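J.: This is the structure I have questions about; it appears just below.
Quick note: the coordinates plus some simple rules give every number you see, no bench work behind them. Note that this is a predicted model, so its numbers are computed, not measured. Reconstructed Cβ throughout: ideal geometry from the backbone, glycine too, with neighbour counts over all protein chains shown.
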Amino acid sequence: MKTFKTTVLALIATAFVFAGCGAFTQTPQEKEQTAALVSNAIQDGDIYIVIDRIQPRAFPQKETMDGYSISIKDGILKCYLPYVGRANFSFPNEDAIAVDADNVPVNVKTTMNPSRRNCYALLEFNFPNRYNSETFYITIEVYHNGIAYVKVDSQYRDFINYTGHFEERPVKKEKK
């Protein structure tokens, strides 16, 4: 029985490794372009991360295709991220439960090649919830391959993680 469990776990782990390898296969030129995109975004303070996966603390993780993102440009944060987890207080409305910022000034602390981490850069900042006295503490691990891990912590609810990737900022079309 123990051998069966070990074999099943090994097969599942192998499947995840191969699935992951296939998902991030890039040509050397694509790798270089992605690394340049990440490097320029960090250097210019123009961050645009599209969220792919929600990873709550006590609930199953799930993929998202709803276009959630985090945007920081010129020290101004815009984001609307769904929240799944436990909270220690009630919310005034459904929107108040999300991690929500619309043109909120933030002071981002950027650490390049942080020790004890294998990432390219570490971004840290906080901002107040506009619906109550809660403060969100955000940590973003940025990698050369364009992947970003976002951790959101608060004094009143379970932490939640998001996984996303860097993209070029969408260009707004002007109305004619």
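J.: Report, ordered by chain and residue number, the aspartates and glutamates lying within cross-link reach of K172, taken as a straight Cα distance under 13 Å and ignoring same-chain residues fewer than 8 apart.
T.: Result set, ordered by chain and number: empty.
J.: Rank the residues I140, I97 as a footprinting-exposure proxy: fewest other Cβ atoms within 10 Å of their Cβ go first.
T.: Details: I140 23, I97 18.
Exposure proxy ranking, most exposed first: I97, I140.
J.: So which chymotrypsin sites (Phe, Trp or Tyr not before Pro) in segment 59-94 pass both tests, a DSSP loop state and at most 16 other Cβ atoms within 10 Å of the Cβ? Kindly include the intermediate steps, with their values, before the conclusion.
T.: Numbers: sites: Y68, Y80, Y83, F89; in loops: Y68, Y83, F89.
Within segment 59-94, the qualifying chymotrypsin sites (Phe, Trp or Tyr not before Pro) (loop, at most 16 other Cβ atoms within 10 Å) are F89.
J.: Chymotrypsin sites (Phe, Trp or Tyr not before Pro) within segment 113-173: which are DSSP loop residues with at most 11 other Cβ atoms inside 10 Å? Before the final figure, lay out each step's value.
T.: Details: sites: Y120, F125, Y131, F136, Y137, Y143, Y149, Y156, F159, Y162, F166; in loops: Y120, Y131, Y143, Y156, F159.
In loop regions of segment 113-173 (DSSP not H, G, I, E or B), there are no sparsely surrounded chymotrypsin sites (Phe, Trp or Tyr not before Pro).
J.: Give the calculated FRET efficiency between A98 and D46 to the nearest 0.05, with a Förster radius of 30 Å applied to their Cβ-Cβ distance.
T.: On the way: r = 23 Å, r/R0 = 0.78.
So, using R0 = 30 Å, E works out to roughly 0.80.
J.: What is the ratio of the Cα radius of gyration of segment 36-166 to 2.2 N^0.38 Å, with N the residue count, to two decimals?
T.: Values: Rg = 14.2 Å, N = 131, 2.2 N^0.38 = 14.0 Å.
In units of the globular-protein estimate, segment 36-166 measures up at 1.02.
J.: Separate question: Which of the trypsin sites (Lys or Arg not before Pro) across segment 114-159 are loop residues per DSSP, with 15 or fewer other Cβ within 10 Å? Spell out each step's value before the answer.
T.: On the way: sites: R116, R117, R130, K151, R157; in loops: R116, R117, R130.
Listed in order of number, the matching sites are R116, R117, R130.
J.: May I pose another question? Name the residues whose placed amide hydrogens come within less than 5 Å of the amide hydrogen of Y68, ignoring near sequence neighbours (fewer than 5 apart) on the same chain.
T.: Here the answer is I51, since their amide H atoms fall under 5 Å of that of Y68.
J.: What whole-number distance in Å separates the alpha-carbon centres of segment 52-98 and segment 115-176?
T.: Comparing the Cα centres of segment 52-98 and segment 115-176, I get a distance of 10 Å.
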